[in-house]
């Protein structure tokens, strides 16, 4: 099992948005807290729709939440 | 009742030990399914081997133990799921996209072993091998499907889905 190449700034964004907890974000997105943990750790790539939903929660463009670095 | 409390206690410990990434409802269910399938198969194998002392394996009455271990494993699995649901009803109602993707991944792995067991049983029946071996082959296919499918799901929950 290889981790996804997609990186993200969700953890930093949560802290900059009133120290939002993983549980709070999970509830707003309608997913489990474990899914948020897996996304933050790079063990799960969310669907495009969920990625947009996450960006909308933080009111930032998608590429401020997710990055896809060159090899 | 004390059994239910024990299971709840064990589930609580599992949560504490994996604090960085606690188990979801679906992951706990997968553990229950894996353990009940494995235990059922081991008990069945133990009973059949014990009955085969001094007689040919083909003469062992295997149907009763096979059906009763399948039934008991199913029952324990259902009770386990109810206990897990009762320990966190809110979580039990939630199954998200990741759970569904991991479930599909495990199902594909599990079904491949079911197909292998079916094909092997078909070949044995074509060669008119004794019913005993055809039954064992099909049963092994079901057990491998349950155990390896569940193991694949648990690995995906911990390490992520293969890219």
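Here, each number is a calculation from the coordinates, and none is a lab measurement. Keep in mind that this is a model prediction, so the values were computed, not measured. Heads up, the Cβs are rebuilt from the backbone with ideal geometry, glycines too, and the neighbour counts pull from every protein chain shown.
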- [ ] Using Cα pairs closer than 8 Å and at least 6 residues apart in sequence, work out the relative contact order for the stretch B:115-154, in percent.
- [x] 45 percent
Task: Test item: B:155-163 mean partner chain Cβ contacts at 10 Å - done: 5
TODO: For a footprinting-style exposure proxy, rank A:71, A:14, B:100, B:158 by other Cβ within 10 Å, fewest first.
DONE: A:71, B:100, B:158, A:14
Task: Order of A:54, B:119 - criterion: other Cβ atoms within 10 Å of each residue's Cβ, fewest first - done: B:119, A:54
Open item on the list: Can you give me the C-alpha center-to-center distance between the stretch B:62-105 and the stretch B:115-154, rounded to a whole angstrom?
Closed with: 22 Å
- [ ] Under a 10 Å cutoff between Cα atoms, tell me which one of B:41, B:93, B:146 has the largest fluctuation in the Gaussian network model of chain B.
- [x] B:93
TODO: Using only atoms on other chains, find how many Cβ atoms lie within 10 Å of each Cβ of peptide B:91-104 and report the average.
DONE: 4
Task: Global geometry of the protein assembly as shown, whether rounded, prolate or oblate, following the gyration tensor of its Cα atoms and the 1.5 cut on a/c - done: prolate
Task: Sorted by Cβ neighbour density within 10 Å, fewest at the top, the residues A:4, B:107 - done: B:107, A:4
Open item on the list: Counting just the Cα atoms, what span does the stretch B:9-159 cover along each of its three principal axes? Round to the nearest Å and put the largest first.
Closed with: 52, 29, 22
TODO: Take peptide A:41-48, look around each residue's Cβ out to 10 angstrom, count Cβ atoms belonging to other protein chains, and average those counts.
DONE: 4
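Let me have the relative contact order for the stretch B:9-159, percent, based on Cα pairs under 8 Å that are six or more residues apart.
30 percent
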Task: Computed E for residue B:82/residue B:151 - FRET, C-beta separation, R0 41 angstrom, nearest 0.05 - done: 0.95
